[in-house]
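Working notes for the structure below.
Derivation of every value follows stated rules applied to the coordinates shown; laboratory data play no part. All values derive from a computational prediction rather than experimental measurement. Every residue, glycine among them, receives a Cβ derived from its backbone with ideal geometry; neighbour counts consider all protein chains shown.
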Amino acid sequence: MAGMKELANLVKELEEQLVTCIRCGMCQSVCPLFEQTRKEADVARGKLALLTGLMDNIFTDPDGVNERLNRCLLCGSCAANCPSGVNVVEIFIKARAILAEYKGLSPAKKLIFRQLLANPGRFDALVEWAGRFQGLFTKPSADAQGTSCARLISPLLANRHFMPLSTTPFHKTLPEKGVTSTGSRLRAAFFTGCLIDKIFPNVAKASLKVLSHHKVGVVIPPGQGCCGIPALASGDRDSFTRLVDHNLAVFEKEPFDVLVTACATCTSTIKKLWPTVYKNPSDDIRQKLTALAEKTMDINQFLVDKVGIEPLDTLLIKGSEKEIVTYHDPCHLKKSLGVADQPRQVIMAAGCKLKEMAGSDKCCGMGGSFNIYHYDLSSTIGKIKEENIEKTGCTTVSTGCPACMMQISDMLGKAGSSIKVRHPMEIYASRLKKNTP
């Protein structure tokens with residue numbers, strides 16, 4: 001349990017951010033959870049009102065406060081549309097940290113975050129082992145998305161169509177000392193991220209192919225860890241801070257001009273949360289976090305805004321039409337970072353016909369751990385996304401977030417859809433000449 005003095009400082013810091021909320025209720029119109037439940041407690045305004053008296057509520061009803069705070073997708077829709085500029089996501093994350101430090105983490109979360117996630121080598125080994133033996137507990141779903149389902153009844157997996165672990169994680173395909181390539185343009189360090197490394201390694205491979213095609217030098221240091229958002233979302237700032245320290249040390253080994261990621265959540269976490277939620281940073285660490293945040297970019301944004309991406313010469317069979325692709329805006333890209341046009345430019349540069357879906361920037365309902373604890377609500381929100389995708393008549397839906405890819409694959413798989421789910425980098429890389437490195 002954290003000391004009361006430290007808790008008081010955290011609460012004071014939180015209260016300074018809370019005073020800017022004028023309770024106007026604009027968050028109601030954009031909250032995907034409120035749209036389904038119509039409960040004031042589920043919208044940002046209701047939670048912020050609850051947090052105003054957080055210190056008292058911690059003592060009187062800590063479990064109730066915790067439950068209401070965790071009924072949130074952390075999608076940032078409220079913050080993006082707040083006329084007062086209230087940083088709701090950061091406030092909720094800090095509030096969860098206060099509760100976690102007061103109540104303490106459960107034994108299961110301590111094991112997952114502090115013993116596994118915060119130890120990248122141990123975590124990699126465990127997931128690699130799980131990937132080898134997952135066939136004992138799962139079976140292919142025989143859908144276009146390549147998902148699996150549980151062989152046995154499982155409360156966690158339920159009726160999900162989930163993406164299986166890759167038999168070979170991306171980091172295992174790299175040389176022991178990582179990758180350091182030269183190019184005639186900028187030098188980019190590539191932050192892989194857990195989901196891309198362990199579930200979608202083809203996204204990382206496609207990203208490297210595209211960067212090489214555009215003559216960008218690449219640095220991929222070995223031993224990368226998680227960006228820390230799973231631990232932080234559960235209030236575990238200690239594990240989050242350990243992971244930030246680990247990754248800072250990893251990426252200090254090689255000079256680079258820009259840090260790119262193909263994961264919307266990793267990009268947003270590094271840019272927005274590493275500098276602001278790191279626990280008790282020294283002046284030196286604070287400067288490093290700020291500098292790295294300023295150098296971090298989504299890979300689509302980097303290619304369009306910094307490198308300059310030109311339409312590829314794509315050949316169509318006579319009488320054939322361009323592939324129809326629709327795009328889902330990840331919340332952590334559009335709402336948090338303002339990146340929306342660049343992924344679309346990448347898709348169109350690949351020679352595809354982009355057809356917009358209704359509500360392209362509406363949350364898909366994933367929300368990380370929200371999907372685990374509130375799968376019924378997550379599925380209801382996801383079903384709306386699936387229907388909007390289907391209505392476009394597309395053959396592929398693209399998005400720049402691997403977590404969104406998982407959720408959309410689940411929804412399309414359960415609907416029996418033939419629509420494929422692909423990252424913009426996969427689409428663009430597939431159109432490059434076969435002899436491209």
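Per-structure values
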| quantity | calculated |
| --- | --- |
| Segment 324-430 - convex hull of the alpha-carbon atoms, volume per residue in Å³ | 87 Å³ |
| Reach of Lys391 by Cα under 17 Å, taken over lysines that are not fewer than 8 positions away in the same chain | Lys353, Lys355, Lys362, Lys383, Lys414, Lys420 |
| Pair-distance profile P(r), taking every C-alpha pair of segment 128-215, with 10 angstrom steps and integer % | 15, 38, 26, 16, 6, 0 |
| For peptides 250-258, 213-221, sequence by mean Cβ density within 10 Å, most packed first | 213-221, 250-258 |
| Quotient of C-alpha Rg and 2.2 N^0.38 Å, computed over the chain | 0.97 |
| Highest-fluctuation residue, Asn81, Asn119, Asn159 considered, GNM on the chain with Cα pairs under 10 Å | Asn159 |
| Highest to lowest packing among 229-241, 351-363, scored as the average C-beta count within 10 Å | 229-241, 351-363 |
| Calculated P(r) of segment 4-103 - Cα pairs past 17 Å, % | 46 percent |
| Using alpha-carbon coordinates, inclination of helix 375-391 to the longest axis of the chain, degrees | 30 degrees |
